[in-house]
1. Give, as a single signed number, the net charge of other residues whose beta carbon lies under 15 Å from the beta carbon of Phe40, with Lys and Arg counted +1 and Asp and Glu -1.
2. How do the peptides 33-45, 6-18, 68-80 rank, highest first, by the average count of neighbouring beta carbon atoms within 10 Å per residue?
3. Taking only C-alpha pairs under 8 Å that are 6+ residues apart, what is the relative contact order of the chain in percent?
4. Compute the whole-percent fraction of alpha carbon pairs in the stretch 36-88 spaced more than 19 Å apart.
5. Excluding residues on the same chain fewer than 8 positions from Lys69, give the lysines whose Cα lies under 19 Å from its Cα.
6. Of all DSSP beta bridges in the chain, what percent run antiparallel (nearest 5)?
7. Between 0 and 90 degrees, rounded to the nearest ten: what's the tilt of helix 70-90 against the longest Cα principal axis of the chain?
Amino acid sequence: MLARRLATNPATAHLAVVNMGIGGNAVLKGGLGPTAVSRFDRDVLGTCGVRWVIVFEGINDIGGAPDDKVMTVASNLVVAYTQFAQKAHQKNVRVFYRYVDTVWWA
């Protein structure tokens, strides 16, 4: 949907979208496939010409955590998101985070 929307605007029609999302994925551990922490460098920073990244990860980490571990998982997610932003900024890549209906950038 994002690629179609960008293509219809002359100012953004030259941009491409690469979707490296994995449904059921997790940032820290568990989920389907390798974690976002283990694949961020390859999937994002290893993509030629990348200028922006939208991170929509963490829901499965929180949802799969036992009640007594949710705050620990949330704190660890903040650490991971911070690492994503720091690595991206070193490569002049802007980071946008999406969590449910909230979007913010770092």
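1. Here the charged neighbours net out to +2.
2. 33-45, 68-80, 6-18
3. 22 percent
4. Counting every Cα pair in the stretch 36-88, those more than 19 Å apart make up 33 percent.
5. Candidates past the 8-residue exclusion: Lys29.
6. The antiparallel fraction comes to roughly 50 percent.
7. That works out to roughly 30 degrees.
Read-outs: derived from the displayed coordinates by stated rules, not from any lab. As the structure is a computational prediction, the values presented were derived from the model and not from experiment. Here the Cβ is made from the backbone with ideal geometry for all residues, glycine too, and neighbour counts use every protein chain on show.
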